[in-house]
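Following: one structure in structure tokens, then a few remarks.
The values are calculated or read from the model by the stated rules, or taken from the named source; none is laboratory data. Please read these numbers as outputs of a predicted model, since none were measured by experiment. Cβ sites come from the backbone with ideal geometry, for glycine too, and all protein chains shown count toward neighbours.
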Number of protein chains: 2
Amino acid sequence: MSKIRTVLFGLGTVNTGLLKILRDKRSYLKDHYNAEFVIVGVTDSSGLAFDADGFDYDQLIDLKARKGKVHSLPAYAKGVSSEFITEYIHQADLLIESSPADLQTGGPGLIVAKESLRKGWSVVFANKAPLVLAFDELKELSVMYGSSMRWSATVCGGLPVINVLQRDMKATTNYILQQMEEGGNQEEAIREAQRIGAAEADPSHDTKGYDTANKLLIIMKTFVDYRGTLAGITIEGIESVTPLQIAEAKARGNKIKLLASAAREDGQWKLAIKPTEVSAQSFLGTCNGWEMGIELETDLYELICMKNYEADPVGTSAAVLRDALDISLSK
Amino acid sequence: MSKIRTVLFGLGTVNTGLLKILRDKRSYLKDHYNAEFVIVGVTDSSGLAFDADGFDYDQLIDLKARKGKVHSLPAYAKGVSSEFITEYIHQADLLIESSPADLQTGGPGLIVAKESLRKGWSVVFANKAPLVLAFDELKELSVMYGSSMRWSATVCGGLPVINVLQRDMKATTNYILQQMEEGGNQEEAIREAQRIGAAEADPSHDTKGYDTANKLLIIMKTFVDYRGTLAGITIEGIESVTPLQIAEAKARGNKIKLLASAAREDGQWKLAIKPTEVSAQSFLGTCNGWEMGIELETDLYELICMKNYEADPVGTSAAVLRDALDISLSK
């Protein structure tokens, strides 16, 4: 039996979802992968707790169900903030970085991810902020210290976009990628953004296209050795779309979708997020509601399309588990 | 530089397509994967040829362009039939099994695949016959002799259905799978397929649903430990569909597609191939012409859909290359 000593960095939806899967599939994981995840540390905004013998999955699930905090656990390290967990835990195999995204500095998640890689722990990311801000540095650390990292949960939840691009599109040297994001009804979202008004303070992260840009950056860092940053992406959100444009598009049998795209022009990658008119019959045009879609045209594989319907964040937790198993099984 | 000594078993569309990719991407493969494929043996219906120093890619491509046979190569082993290649080649790393499908006995492809695994060579399959007839035995040999096998090219060409199911849907314990084979105008599709060499020579194989059943069997052998055989699949082809049924479906806003499906009922897998009415707006309903699609509903990942458009068999050759690289890089 391979015991995977695991640190949960953050105890929100993704990691509690993961704990539920680990509980429900405990015997399946033993039988099929000879693997058991032993939770040796856990953090949230109240601090950290650690236990080399492992926390009971249900204890942590119940804690969050009661809206409790890590500070109420007996194993709580009083007065120590979460980013010091790598100093309190000497023996671990894996850190799961699912803390809240801090896209300004990377926050404690970035600090802890780096420190984990330096200690030779594997890191699975569900939080995309560290990757958006420091992908190249994290990869270098993982190479330098021989530690592994995976991040398939950061883009499109359970849809294995990252893994397919990284593993299954090998030897692709020329491609056009288009990705569509959607949370709920896009047209409704556009109207809502329009109603609120573009000049309004703090329009949502989503309607401005920044979240889509974050995902595109991670995809490009994964798929090709793209060295750019967010600053290199042209970003236009849906708040500029007018009701007239929507109506005109509809009259042409089209829909307006917020697309992320990457294409090589004159030897340079051109990355953009912008509202784009697509045929209502096309693959991206038929991605609706809670669906996320990706369309990839490559020199070797012609056209490949993937989408998922994911209203429940369980897919993201399952993606974390898939990555965690991948890392553990490849050792 | 890692030199991968490779035997091409069969020199038809898939392996000549592979040779063209190897030629065109030679420096990319060196730079990115530190890999060079050295073709130490090649076979076709005329027999075998072998050369420890490696054949020139262009020599083999040109041979086929001129509709030539292996027997015209200087390195031809006179009077020896192709299945003895494992006796003539002492040092190889990889066999690529792309010989014509013999679904009655498995033919020379099955003999050579087994013998290769026994010799510790890796085997990449583009021919599905050996897998359909002897999947369990081949897997056992690969475990017994510590040799690797991959077969992502056998289902949906470049679309990484096999890899996604095997690697990215980990810990899935309950699911419903639906897969769709070429839609659009079937007769036209079949004629066109024969013209470019992407379909079996006998079109009844496709229209009767047997080819779809072969793929479903391989998918199930890959995804779950399904121990059944083709005989356990209920097969109904499209030749029973009448123009009236098509018209009636259309009036209801539906289309008739040849679907392969797998679902667990009362603890038993139920596998079937049959013409099925689906909404014209649904994912499978919008797969047309040269598209192949798969829809997977799982307990952890909700709904995941993938499709590809692949008129040119280059995607299948690229899938062989992806598998060959996977095997070589994981060593």
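Selection within region B:107-125: residues that are of a type in the set (Gly, Ala, Ser) and part of a helix (DSSP H, G or I). The member of this set that is surrounded by the fewest Cβ atoms within 10 Å (Cβ to Cβ) is B:107.
Output the residue which, of all residues in region A:58-83 that are part of a helix (DSSP H, G or I) and touching a strand residue (DSSP E or B) at 6+ places or on another chain (Cβ under 7 Å), is nearest to residue A:142 (Cα to Cα). Top of the filtered list is A:82. Annotation note: Cβ proximity below 6 Å between a residue of region B:156-180 that is within 11 Å of chain A (Cβ to nearest Cβ) and a residue that is of a type in the set (Asp, Glu) and surrounded by fewer than 19 Cβ atoms within 10 Å (Cβ to Cβ) (sequence gap 6+ or interchain) occurs for B:174/B:299. Scan region B:285-312 residue by residue and report those that are more than 30 Å from residue A:22 (Cβ to Cβ), surrounded by 22 or more Cβ atoms within 10 Å (Cβ to Cβ) and more than 9 Å from chain A (Cβ to nearest Cβ). Across region B:285-312, the qualifying residues are B:287, B:292. If you check A:113, A:153 for being over 30 Å from residue B:308 (Cα atoms), within 21 Å of the chain's Cα centre (by Cα) and of a type in the set (A, V, I, L, M, F, W, C), only one passes: A:113. Step by step: first the residues of region A:90-99, then only those that are part of a loop (DSSP other than H, G, I, E, B) and at pLDDT 95 or above, then the one that is farthest from the chain's Cα centre (by Cα). Which residue is that? So the residue we want is A:92. When we screen A:57, A:76, A:28 for residues that are of a type in the set (Ser, Thr, Tyr), crowded, with 16+ Cβ neighbours inside 10 Å and over 24 Å from the mean Cα position of the chain (by Cα), the only hit is A:76. Remark: residue A:18 falls outside the filter, which requires a residue to be modelled with pLDDT of 95 or more, more than 14 Å from chain B (Cβ to nearest Cβ), under 21 Å from the mean Cα position of the chain (by Cα) and outside any strand (DSSP E or B).
Scanning region A:97-106 turns up no residue that is β-branched (Val, Ile, Thr), touching a Phe, Trp or Tyr at 6+ places or on another chain (Cβ under 9 Å) and surrounded by fewer than 24 Cβ atoms within 10 Å (Cβ to Cβ).
Determine if region B:262-281 includes at least one residue that is among the hydrophobic types (A, V, I, L, M, F, W, C), within 11 Å of chain A (Cβ to nearest Cβ), out of contact with any Lys or Arg (no Cβ under 9 Å at 6 or more places or on another chain) and part of a strand (DSSP E or B). Within region B:262-281, not a single residue is among the hydrophobic types (A, V, I, L, M, F, W, C), within 11 Å of chain A (Cβ to nearest Cβ), out of contact with any Lys or Arg (no Cβ under 9 Å at 6 or more places or on another chain) and part of a strand (DSSP E or B). Among the conditions (1) touching a residue at least 40 places away in the same chain (Cβ under 8 Å); (2) surrounded by fewer than 23 Cβ atoms within 10 Å (Cβ to Cβ); (3) among the basic types (Lys, Arg), residue A:252 misses just one, which is (1). Please enumerate the residues belonging to region A:212-256 that are closer than 26 Å to residue A:158 by Cβ and assigned to a loop (DSSP other than H, G, I, E, B). The answer is A:224, A:226, A:233, A:237.
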